[in-house]
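This report concerns only the one structure given below.
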Amino acid sequence: MSKLSLGIPKGSLEKTTCEMFAKAGYNISISSRSYFPSIDDNEIECMLIRAQEMSRYVEKGILDCGLTGFDWIQENGSEVEEVAELVYGKVGRRPLRWVLAVPEDSNIKSPKDLEGKLIATEAVGMTKCYLKKHAVNATVEFSWGATEVKPPKLADAIVEITETGSSLRANKLTIIDTQLDLLPIKKR
């Protein structure tokens, strides 16, 4: 009998995911150097994968299932089946949201003010769809993380995922719009 291959999100949701599985009666043990956690069910094998990539591996059949956000499914244009909506984050059980943020003293007050500006984000596809919806021409640059440090010297604005907004506030950024209306992204 083949095992169910399960993708566990590596990174900020790793610990919370394991805690959620523990509440369901599954003990997942993660070693500091291994990307293959053990689970106390001999019919399941786990692999740690970044949530940003999870839907691609499920779509290709490399993983049978995985935990990721709807946002990353949209960003990747993956055709996968959503089994359940789980609302949890690294801090609590609030929905995460993608936001458009600028420095507190910025002249950018609305999406229209982004015309000709530079935006840094991990979610390039979603951000381009957002700009198109608002009829704004701006440059969108992929950010490898630490996105909050980029404005105002390295970018004019950022699109970032947040749960509480505390990291944005700590870096003197203010939210000017929330991208709750994720737009479908065509397959690449």
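Checking MET47 against (1) open to solvent by less than 30 Å² (accessible area, probe 1.4 Å); (2) more than 29 Å from LYS150 (Cβ to Cβ), which test does it fail?
Of the numbered conditions (1) open to solvent by less than 30 Å² (accessible area, probe 1.4 Å); (2) more than 29 Å from LYS150 (Cβ to Cβ), the odd one out for MET47 is (1).
Identify all residues within the range 54-90 that are open to solvent by 60 Å² or more (accessible area, probe 1.4 Å) and either not in a loop (DSSP other than H, G, I, E, B) or not hydrophobic (A, V, I, L, M, F, W, C) (or both); write none if there are none.
ARG56, GLU59, LYS60, ASP64, PHE70, GLU79, GLU81, GLU82, GLU85, LYS90 - these are the residues of the range 54-90 that are open to solvent by 60 Å² or more (accessible area, probe 1.4 Å) and either not in a loop (DSSP other than H, G, I, E, B) or not hydrophobic (A, V, I, L, M, F, W, C) (or both).
Please verify whether the range 28-35 includes one or more residues that are touching a helix residue (DSSP H, G or I) at 6+ places or on another chain (Cβ under 9 Å), over 20 Å from VAL124 (Cβ atoms) and open to solvent by 30 Å² or more (accessible area, probe 1.4 Å).
Here is the first cut: in the range 28-35, the ones touching a helix residue (DSSP H, G or I) at 6+ places or on another chain (Cβ under 9 Å) are 28-30.
Pick out the ones that are also over 20 Å from VAL124 (Cβ atoms) and you get 28-30.
Then keep just the ones that are open to solvent by 30 Å² or more (accessible area, probe 1.4 Å); that gives 29-30.
For the range 28-35, residues touching a helix residue (DSSP H, G or I) at 6+ places or on another chain (Cβ under 9 Å), over 20 Å from VAL124 (Cβ atoms) and open to solvent by 30 Å² or more (accessible area, probe 1.4 Å): present.
Using the structure shown, decide if VAL140 is in contact with a Ser or Thr (Cβ under 6 Å, 6 or more places away or on another chain), closer than 27 Å to PRO152 by Cβ, among the β-branched types (Val, Ile, Thr) and open to solvent by 20 Å² or more (accessible area, probe 1.4 Å).
Working: in contact with a Ser or Thr (Cβ under 6 Å, 6 or more places away or on another chain): yes; closer than 27 Å to PRO152 by Cβ: yes; among the β-branched types (Val, Ile, Thr): yes; open to solvent by 20 Å² or more (accessible area, probe 1.4 Å): yes.
Taking the combined requirement at face value, the residue satisfies it.
Please list, ordered by first then second residue, the pairs with beta carbon atoms under 8 Å, 6 or more apart or interchain, first in the range 122-145 and over 15 Å from VAL99 (Cα atoms), second assigned to a helix (DSSP H, G or I) and open to solvent by 10 Å² or more (accessible area, probe 1.4 Å).
VAL136/PRO111; VAL136/LYS112; GLU141/VAL124; PHE142/VAL124
Could you list all residues from the range 57-90 that are in contact with a Pro (Cβ under 7 Å, 6 or more places away or on another chain) and free of Cβ contacts under 8 Å to residues at least 12 places away in the same chain?
VAL87
What's the number of the only condition in (1) open to solvent by 70 Å² or more (accessible area, probe 1.4 Å); (2) within 29 Å of GLN179 (Cβ to Cβ); (3) in contact with a Phe, Trp or Tyr (Cβ under 7 Å, 6 or more places away or on another chain); (4) of a type outside the set (A, V, I, L, M) that ASN107 fails to meet?
Only one criterion is unmet by ASN107, namely (3).
Could you grab me the full set of residues in the range 1-36 that are in contact (Cβ under 8 Å) with a residue 40 or more places away in the chain, farther than 15 Å from ASP64 by Cα and in a loop (DSSP other than H, G, I, E, B)?
Of all residues in the range 1-36, those in contact (Cβ under 8 Å) with a residue 40 or more places away in the chain come to 1, 3-13, 15-17, 20.
Checking the rest, the ones that are also farther than 15 Å from ASP64 by Cα come to 10-13, 15-17, 20.
Result: GLY11, SER12, LEU13.
Among the numbered criteria (1) farther than 20 Å from ARG169 by Cβ; (2) acidic (Asp, Glu); (3) touching a Leu at 6+ places or on another chain (Cβ under 7 Å), which single criterion is violated by ASP113?
Every condition holds for ASP113 apart from (3).
On the basis of being surrounded by 11 or more Cβ atoms within 10 Å (Cβ to Cβ) and without any contact (Cβ under 8 Å) to a residue 40 or more places away in the chain, does ILE39 make the cut?
Answer is yes for this residue.
Restricting the range 104-125 to residues that are of a type outside the set (S, T, N, Q) and under 20 Å from the mean Cα position of the chain (by Cα), which is farthest from VAL136 (Cα to Cα)? Before the answer, list the steps.
The first filter runs over the range 104-125 and keeps only residues of a type outside the set (S, T, N, Q), leaving 104-105, 108-109, 111-120, 122-125.
Applying the additional criterion that residues be under 20 Å from the mean Cα position of the chain (by Cα) yields 119-120, 122-125.
Numbers: ILE119: 12, ALA120: 15, GLU122: 19, ALA123: 17, VAL124: 14, GLY125: 14 Å.
Top of the filtered list is GLU122.
With respect to ILE73, determine if the residue is more than 22 Å from ALA24 (Cα to Cα), at pLDDT below 95 and β-branched (Val, Ile, Thr).
yes
The values are calculated or read from the model by the stated rules, or taken from the named source; none is laboratory data. Computed from a predicted structure; not experimentally measured. So basically every Cβ, Gly included, is an ideal-geometry build from the backbone, and we count neighbours across all protein chains shown. We work out accessible area using only protein heavy atoms, side chains counted, and drop any ligands, DNA or RNA first. Shrake-Rupley method; radii C 1.70, N 1.55, O 1.52, S 1.80 Å.
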